[in-house]
């Protein structure tokens, strides 16, 4: 199974929106409402205060048929210069449970190391047991931090990578 990551631009909005609408099960859970018609555009705009556009990367997860089956939303150098924060990993439902997520993450980790980051941080929503199990299998550990997202709480996890 071959997976390729592709840096998405604003030209990818339609394709990204379609992926997000297919993945409405998770996004409805996350955002506490249906996927908005502006969801893809909102993802391009999403970032913590003080983060510039140059520090955000959206990577499409493409399969061997060149179809986008997932997406990673990344923030470089947040909350510190050597850390990359994974704001979202999303796979369309038909691509889940087939090893595609693990393969996509492995390719992402290679990319992160090539960008000279040595830690990845992410959050997992309370109630997303499958997500928590997945990230722990990928080598992430809970930091003990709990953040708020809308009305939900989020476990913060980290993984040290590279040198």
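Looking at region 61-86, which of the residues that are closer than 25 Å to residue 25 by Cα and out of contact with any strand residue (DSSP E or B) (no Cβ under 9 Å at 6 or more places or on another chain) is modelled with the highest pLDDT?
Looking at residues that are closer than 25 Å to residue 25 by Cα and out of contact with any strand residue (DSSP E or B) (no Cβ under 9 Å at 6 or more places or on another chain), I get 67.
Residue 150: loosely packed, with under 13 Cβ neighbours inside 10 Å, under 19 Å from residue 39 (Cβ atoms) and either in contact (Cβ under 8 Å) with a residue 12 or more places away in the chain or touching a strand residue (DSSP E or B) at 6+ places or on another chain (Cβ under 8 Å) (or both), yes or no?
It is true that residue 150 is loosely packed, with under 13 Cβ neighbours inside 10 Å, under 19 Å from residue 39 (Cβ atoms) and either in contact (Cβ under 8 Å) with a residue 12 or more places away in the chain or touching a strand residue (DSSP E or B) at 6+ places or on another chain (Cβ under 8 Å) (or both).
Please specify each residue of region 121-148 satisfying the condition of being more than 15 Å from the chain's Cα centre (by Cα) and either assigned to a loop (DSSP other than H, G, I, E, B) or within 17 Å of residue 48 (Cβ to Cβ) (or both).
The answer is 126, 127, 139, 143, 145, 146, 147, 148.
For the subset of region 110-120 comprising residues that are buried (at least 18 other Cβ atoms within 10 Å of the Cβ) and within 14 Å of the chain's Cα centre (by Cα), which member is modelled with the highest pLDDT?
Among those residues, the one meeting the criterion is 120.
Could you please let me know if residue 112 is in contact (Cβ under 8 Å) with a residue 40 or more places away in the chain, within 29 Å of residue 11 (Cα to Cα) and not in a helix (DSSP H, G or I)?
no
Hey, residue 131 hits all of (1) within 27 Å of residue 22 (Cα to Cα); (2) surrounded by fewer than 18 Cβ atoms within 10 Å (Cβ to Cβ); (3) at pLDDT below 95 but one; which does it fall short on?
(2)
What's the total number of residues in region 1-29 that are surrounded by fewer than 16 Cβ atoms within 10 Å (Cβ to Cβ), assigned to a helix (DSSP H, G or I) and under 16 Å from the mean Cα position of the chain (by Cα)?
Number satisfying all stated conditions: 4.
Tell me, which residue of region 30-64 that is assigned to a helix (DSSP H, G or I) and in contact (Cβ under 8 Å) with a residue 60 or more places away in the chain is surrounded by the fewest Cβ atoms within 10 Å (Cβ to Cβ)?
That would be 31.
Condition (residue is at positive phi and either in contact with a helix residue (DSSP H, G or I) (Cβ under 6 Å, 6 or more places away or on another chain) or touching a residue at least 40 places away in the same chain (Cβ under 8 Å) (or both)) applied to region 81-91: is it met by at least one residue?
The answer is no; no qualifying residue exists.
Could you check residue 76 against (1) farther than 22 Å from residue 100 by Cα; (2) exposed (fewer than 11 other Cβ atoms within 10 Å of the Cβ) and say which number it fails?
For residue 76, the exception is condition (2).
The values are calculated or read from the model by the stated rules, or taken from the named source; none is laboratory data. All of these numbers come straight from a predicted model, not from anything done at the bench. Every residue, glycine among them, receives a Cβ derived from its backbone with ideal geometry; neighbour counts consider all protein chains shown.
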